[in-house]
Amino acid sequence: GAGVSQSPSNKVTEKGKDVELRCDPISGHTALYWYRQSLGQGLEFLIYFQGNSAPDKSGLPSDRFSAERTGGSVSTLTIQRTQQEDSAVYLCASSLQPDSRTQYFGPGTRLTVL
Amino acid sequence: SQKIEQNSEALNIQEGKTATLTCNYTNYSPAYLQWYRQDPGRGPVFLLLIRENEKEKRKERLKVTFDTTLKQSLFHITASQPADSATYLCALGIGAGSYQLTFGKGTKLSVIP
């Protein structure tokens, strides 16, 4: 079946611009996560959505970052006024809760801020 | 402070040998630990999960151990193949009800023919 998909696969933007990254989770998966992976660093948790509950935004690095999940499915991560330090691979994952803790990752969006 | 350390950034081994990767953590009390494989340009892929009350898990050529006293997990690949070359990530699940994973930086394994 279809896995987690993300778009775009690559995004190059200028400092100060806003960007939107999209994630389509696996159908039926109620949990959705966003992570950031910078060069030489581990995956950094950003935000978590579970069903209709309020999202856990504890990992968002600044108020320039926000995310929403519409209809319990597709999610969009928005970065406003991008900075060079925002350059990273942004990974989305989904999981079937509460059966397992296994997370299924998408291929990521590579963001480059010039 | 809380830390997760994977023993080395890179590990080279000869084909057919057993690869052993280490994940050490401090100031965490994980309810479970997972190992993922990540290939270049791709997202991580789940391999194994081991819970705090389990000592060992196996899946085909893979074996994971979990020692909560030593605060360490070992990940073994037996009869390694060049196709096993990838970066391997360990991730801690904190709390029985926790959904949030905390990842190590990974170990890049190269299996040399």
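The values are calculated or read from the model by the stated rules, or taken from the named source; none is laboratory data. Bear in mind that the values here come from a model prediction, so they are computed numbers and not experimental data. As a convention, Cβ positions derive from the backbone with ideal geometry for all residues, glycine included, and neighbour counts pool all protein chains shown. Surface accessibility is based on the protein's heavy atoms, side chains included, excluding ligands, DNA and RNA. Shrake-Rupley method; radii C 1.70, N 1.55, O 1.52, S 1.80 Å.
Loop-located GluC sites (Glu not before Pro) in region B:1-101 (DSSP state not H, G, I, E or B) with no more than 11 neighbouring Cβ atoms inside 10 Å: B:Glu9, B:Glu60. 3J(HN,Hα) along region B:17-24: 7, 8, 8, 10, 10, 10, 10, 10 Hz, from the Karplus curve 6.51 cos²θ - 1.76 cosθ + 1.60 with θ = phi - 60°, whole Hz, x for Gly and Pro. Computed over chain A, relative contact order equals 38 percent, with contacts defined as Cα pairs under 8 Å that lie 6+ residues apart. One decimal place: the segment A:Lys57-A:Ala2 gains 17.1 nm when fully extended, by the rule 0.36 nm per residue minus the C-alpha distance. Counting pairs of Cα atoms in region B:3-112, how many percent are more than 24 Å apart? For region B:3-112, the share of Cα pairs beyond 24 Å comes to 18 percent. Surface composition of region A:5-96: carbon plus sulfur atoms contribute 44% of the solvent-accessible area (1.4 Å probe, protein chains only, all chains present). Close amide H contacts of B:Leu109 (hydrogens built in the peptide plane, cut-off under 5 Å, sequence separation of 5 or more or a different chain): B:Leu11, B:Ala86, B:Thr87, B:Tyr88.
One Cα centroid belongs to region B:1-78, the other to region A:11-90; the line between them spans 26 Å. Take each peptide in A:16-22, B:82-88, B:34-40, count the other Cβ atoms within 10 Å of every residue, and average; sorted highest first, the result is B:34-40, B:82-88, A:16-22.
Treating r as the C-beta distance of A:Gln97 and B:Thr26 and R0 as 45 Å, the FRET efficiency rounds to 0.95. On a per residue basis, chain A carries 48 Å² of accessible surface, using protein heavy atoms and a 1.4 Å probe.
Among the listed pairs B:Lys57/B:Lys105; B:Lys3/B:Lys57; A:Lys57/B:Lys71; B:Lys71/B:Lys105; B:Lys17/B:Lys108; B:Lys17/B:Lys59, a Cα-Cα separation exceeding 19 Å is found for B:Lys57/B:Lys105; B:Lys3/B:Lys57; A:Lys57/B:Lys71.
In terms of its alpha-carbon gyration tensor, the protein assembly as shown comes out prolate; a/c meets the 1.5 threshold, and the first ratio a/b outweighs b/c.
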